[in-house]
1. If I filter segment 48-64 for residues that are assigned to a helix (DSSP H, G or I) and of a type in the set (Phe, Trp, Tyr), do I get at least one hit?
2. From the set of residues in segment 137-193 that are of a type in the set (Ser, Thr, Tyr) and within 17 Å of the chain's Cα centre (by Cα), which is nearest to residue 204 (Cα to Cα)?
3. Of the residues 346, 322, which is over 21 Å from residue 208 (Cβ atoms) and modelled with pLDDT of 95 or more?
4. So which helices (runs of 4 or more DSSP H) stay within segment 114-219 end to end and still have 2 or more residues that are small (Gly, Ala, Ser) and not assigned by TED's automatic domain parsing to the domain that holds residue 352?
5. Tell me, yes or no, whether segment 220-231 has at least one residue that is within 23 Å of residue 83 (Cβ to Cβ), β-branched (Val, Ile, Thr), modelled with pLDDT under 95 and not assigned by TED's automatic domain parsing to the domain that holds residue 151.
6. What about residue 35, is it surrounded by fewer than 18 Cβ atoms within 10 Å (Cβ to Cβ), in contact (Cβ under 8 Å) with a residue 12 or more places away in the chain, in contact with a Gly (Cβ under 9 Å, 6 or more places away or on another chain) and basic (Lys, Arg)?
7. Test of understanding: among 210, 135, 196, 155, which residue is under 28 Å from residue 74 (Cα atoms), of a type outside the set (D, E, K, R) and either surrounded by 13 or more Cβ atoms within 10 Å (Cβ to Cβ) or without any contact (Cβ under 8 Å) to a residue 12 or more places away in the chain (or both)?
8. Counting only residues that are part of a loop (DSSP other than H, G, I, E, B) and in contact with a Leu (Cβ under 9 Å, 6 or more places away or on another chain), which one in segment 65-91 is surrounded by the most Cβ atoms within 10 Å (Cβ to Cβ)?
Amino acid sequence: MKLTFPHMGYSYVAFKALINELGYEVVVPPEPSKRTMDLGVRYSPEFACIPFKVLMGTYLETIEMGAEMAISSGGVGPCRAGFYGVMHQKILNELGYDFEVLIFDPPQSNYLDFIKKLRRVKPRGMSWRVFIELIKKNYRKLEAIDQIEYLMYRIMPYEINKGDTYRAFNNALSMLDEARTKEEIEDALWEGRKIIARIPQDRSRNPLKIGIVGEIYVVLEPAVNFYIQRTLGEMGVYTDRSIWLTSYTQKNVIVEGKIGEHDIHQMAHPYLNELIGGHGINSIGETVIYAKQGYDGMIQLAPFSCLPEIMAKGIMPRVSREVGIPVLTIFIDEQTAAAGVITRLEAFLDLLKRRREEKAQETCNA
């Protein structure tokens with residue numbers, strides 16, 4: 001059987017390895033492109049959000065590449081993401097494709113269903129012990145990918161030669177891609193971190209610091225958010241995003257009850273004390289946390305028509321005013337253009353620079 005999965009950042013390296021080691025033929029989804037978007041828009045409901053449309057386009061592209069089944073995650077709560085799998089399957093069936101979308105919802109919502117679907121993926125003849133070990137090993141590879149990407153964004157605003165850090169990151173990612181055993185993964189991570197850390201840097205710089213919050217897919221998929229973290233990094237901005245795939249998995253899948261998000265919800269409570277689905281409450285709480293950590297500004301990334309993020313945006317002006325941090329909200333859909341995003345980023349950075357200078361002047365005059 002030929003299996004595929006949604007493209008989300010650099011996670012494809014780990015998912016590709018896992019599917020191969022399970023003995024299936026893997027169809028690696030292409031990075032979302034204009035064609036992906038065109039296909040998704042053509043066959044999706046008009047007011048579906050951009051993650052739905054991108055996934056729709058991705059499934060159609062991988063079907064052309066021979067894929068027979070896609071494995072994806074679901075969701076619970078008010079967010080419409082919980083219905084994506086059902087809708088994608090219905091549309092693909094109506095188009096006449098013999099293709100299955102297998103959705104794994106968080107196990108806490110239905111343990112029996114989760115185990116039943118694991119049984120479908122586990123190859124016959126493979127023991128549960130070996131199956132679980134393969135998942136754990138490739139989850140470690142996923143953690144390593146997150147770690148080197150995290151380091152890349154830490155180094156990028158200090159790099160002397162523009163583009164060095166991204167090239168070093170790609171070298172490190174290639175080493176992780178080639179790693180097969182646990183030991184090789186750890187060695188590749190160690191070497192990759194050294195390669196990135198050796199980039200010539202100017203540590204005398206004092207870059208602007210921007211936190212990034214929002215809906216998980218548009219935050220994690222660079223091709224959808226116009227490579228915003230890399231763009232800001234190469235503009236000399238220090239960025240930190242609130243969502244990483246492995247930390248999200250730990251908080252929402254592996255650990256029951258979203259342990260680890262208590263502080264975020266506590267910070268959001270004065271402004272929003274109801275779970276509104278998606279990452280709406282997180283966007284509020286994490287903005288407060290970033291402000292307390294001394295960040296200069298915030299960027300909220302959201303799909304156009306995403307109700308949780310629309311609600312969060314409505315609350316953001318009060319949060320911004322009370323905790324003293326400017327917030328730029330960017331809604332993304334198929335009409336959004338890179339040039340427009342860059343223009344807004346440049347204007348936002350100018351605002352933050354002036355604000356920092358004014359604060360410094362006030363301190364001198366005090």
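The values are calculated or read from the model by the stated rules, or taken from the named source; none is laboratory data. All of these numbers come straight from a predicted model, not from anything done at the bench. Note that we place each Cβ from the backbone using ideal geometry, even for glycine, and neighbour counts take in every protein chain shown.
1. yes
2. 153
3. Of 346, 322, the one residue that is over 21 Å from residue 208 (Cβ atoms) and modelled with pLDDT of 95 or more is 322.
4. 164-178, 182-197
5. no
6. yes
7. Selected residue: 135, the only one of 210, 135, 196, 155 that is under 28 Å from residue 74 (Cα atoms), of a type outside the set (D, E, K, R) and either surrounded by 13 or more Cβ atoms within 10 Å (Cβ to Cβ) or without any contact (Cβ under 8 Å) to a residue 12 or more places away in the chain (or both).
8. 67
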